[in-house]
Structures are given as structure tokens and as C-alpha cells.
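Visitor: Got a structure for you, questions after.
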Amino acid sequence: MTFLSPFLFYSFLLICCINLGYFLYFSVFNAEEKKENNNSHFDGISIIICAKNEAAHLLGLIEKLLFQDYPLFEIVLINDHSSDASLSIMQDFEKRNANISVFDLKSSTGKKAGITLGIKNAQYETLVFTDADCLPASNQWLKKMSAAFSRETQIVLGYGAYKKFKGSVLNKLIRFETLLTALQYCSYALRKNPYMGVGRNLAYSKSLFNTSGGFEAHNHVKPGDDDLFVNQNATPTNVAVCTKPEAFTISAPKTNWRDWFIQKRRHVGVAHLYLPKHQLQLGMFYTSQLLFFILFALVLVTQGYLLPAVGLFFTRELYVWRVYAKAAKKLKEQDLIFYSLLLEPFLVSLQLLIFITNTLVKPRRWK
């Protein structure tokens, strides 16, 4: 036993307590859901989609949207300077469907400009967003998302799942990271401390967008049309969570490591614009994850306090696994339960690499 052993062990004990505190905080996600609001009437909904070179996905998406089991909705499609057949596909649907409107960005570019144009031309107060490469999991998507609204609710956070590919480590990692992200942002919202949402499945009111100034506060960065907007406009009482399986959206995930790494760099690159309290809370959680594995390895090397350290390690792992398992069951990601404790340290390591890369070279791409 070296003189470092007591310091390392008690540091490990502190980090275990902090990390377990976070997962106790997240456990609210696995509690029984409240009953849906029983709407006696259905207000109109505007579905808004901004697309750039998405000809391969638009046909299937629009057809799925048209068959939503909802009495009054429109589809607002915005073409962001596509060089493929995206615009012609949109316009063809517009000709054949009275509830589809198409707008072509001219003087501006980018997803935020496209969404702003779509909202400006939306007929209805309730706005529902998804991406062109997503599909609603069922024809009940609009009905379930709208049922989450109440008199106080102005933002509804949904779950954007990814397709499952058997035998792919990358696919499991992407879906595990998506599961962990959803576990966090939904738990924070349920604890009256909302901090983000995902644009693959998000809804908010048109009046909130207009009165808040839209994306003006962060128009200088290309990403952030979803998480930054929610972070800057959510309150303890104006956000609801919808995790009904019928309300999921499903996207095609990245299929190679390079593309996924670039995507995650872009997402992480706007976190410094979150409210300071959320930067601190999220940073402490990640730090507690990272130090949990590092300090445990150091305790093993020094061989001091070995038995209590191993006991702490497995206590933390068992509780965290239970939280992951219940969340995976709720979000229909049951195949990840077995691998969750292996994927977690792998993801933590990659997130550290992303953080270092972003510190050295700022990400510039938005798509």
C-alpha cells in the first residue's frame, strides 16, 4: 500500500457518491407515466421539415406523414438549396395534397433559416418538428405528441430512436448514446430542470418561438435549432415529455465511425452556449463518469483498500445497470441492456476524445 492509497480510495468514494446521485436523479424517468390529456377537440398542427439533399428519404417520409391519424394538420416543407431532386419531390406532393406547402430558401441558407421560414408560414399554433431522414414510428405520432400539451405546456420533448443493425458495434454505441442522452434530458425535464430537446422529435408553440425571438440569440452558430432553443426558452413549468412508443421517430444512423464522430463533434460544440447551471451540471456528470473508471483503475494498481473499492465498483455498476435496463425497456431498446455496462466506458472514452478534438480544432460543418 502506498501513501497515495487513502487519497485515491476516498476520492473514488466521493466520485461514486456523486455519480450515483446523478443516476438517482435520472431514475425519475423510469417512474410510471402520467395519464395523457384527454383532448375533447383537436387543434391544428403544423409539421415543419427543413431538408437539404434528402431526395432519398422525402418520398417515404411524406407518405408516412400523410397517413397520420389526426383530423387537422398541415405539412410545411422547406428546401435548403438542394442540388438533388428534393425540391421537385416536395412540389409534386404539394400539387396533389392541399395540406402540403413548399417553400424554397432563396436569400438565406441553413436549417435555422429554413425552420424560421416554415414557422412564419405555418397556419397553426402547435408546431411539430422532425428531420427528413426520420420516420414516425406509427400513425399515432401527432396524436400522442399533441396529447402531451396542456394549458401551461409550450414545449414537448419526444424520443428520436435509431434503426437497429444486427452485428454492428457502432450501431449499438450510437443507440446507447441516444438512450443515455434521452435519459438525461427527459429526467431533467421531469425534475423541472429542462435543458434540451432533439430536433428529430420535438414540438413547441408558434407563440413561444415568436415572443422569444426565435433563433436570434444563437444565429451565429449553425447547429442548435433544437437543443439551444429549448435550453434558452424552457422553464420549470412549460415543458412536457412524451415517451409513448407510438410517438417515437426512427432515423437511419451513421454507418461509419468517421461520420458519427463528425456528427457528435458538432453536437458537443454548442454545449458551451447552454445556461451556466446546465453546463456545470452536465460537466459534473461526465466528469464523475470519467473519474469513476480512472480512479478505480488506479486503486487496483496501488492495491490499497482493494476490497471496499471493488465493493463500491459493483454497487455502482449494479444500480446504474438497473437504471439503464428500465430506460431501455421503456424506450424499446431492450437489446442494449446486456451490453450497457460495456458500452458506457467505451462511450466515455470517445466523448473525451471528442472534447479534446473540439478544443484543438473547432467543428465547422452542420450537416
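Taken together, the values in this text are just the output of simple stated rules run on the coordinates, not laboratory data. Keep in mind the model is a prediction, meaning the values are calculated, not measured. Every residue, glycine as well, gets a Cβ built from its backbone with ideal geometry; the counts of neighbours run over all protein chains shown.
Visitor: Between H218, H81, H272, which gets the highest mean-square fluctuation from a Gaussian network model of the chain, Cα cutoff 10 Å?
Guide: With Cα springs under 10 Å in the chain, the top fluctuation among H218, H81, H272 is at H272.
Visitor: List the residues whose amide H sits under 5 Å from the amide H of F73, counting only those 5 or more places along or on another chain, with H placed 1.01 Å from N in the peptide plane.
Guide: Result for F73 returns I45.
Visitor: Could you pull out the trypsin sites (Lys or Arg not before Pro) across segment 91-126 that fall in loop regions by DSSP (anything but H, G, I, E, B) with no more than 12 other Cβ atoms inside 10 Å?
Guide: Passing both the DSSP loop test and the Cβ count: K106.
Visitor: How much length is gained on full extension from I294 to W257, taking 0.36 nm per residue of separation minus their Cα-Cα distance?
Guide: 10.9 nm
Visitor: Give me the distance in nm between label points sitting 7 Å out from Cα along the Cα-to-Cβ direction at D104 and K277, one decimal.
Guide: Here the modelled spin labels are 4.7 nm apart.
Visitor: List the residue ranges in the chain for DSSP H helices whose C-alpha atoms run 20 angstrom or more along the long axis and whose Kyte-Doolittle average is 1.6 or above.
Guide: Correct list, ordered by number: 4-26, 340-360.
Visitor: Continuing with this model, one more query. Taking R0 as 45 Å, what's the FRET efficiency between D92 and S207 from their Cβ-Cβ distance, rounded to 0.05?
Guide: FRET efficiency, D92 to S207: 0.85.
Visitor: I would also like to ask the following. Let me make sure I get this right: for segment 32-254, a, b and c are the square roots of the gyration tensor eigenvalues over alpha carbons, sorted descending. Under 1.5 in a/c it's rounded, otherwise prolate if a/b > b/c, else oblate. Which is it?
Guide: Because its axes are fairly even, with a/c under 1.5, segment 32-254 counts as rounded.
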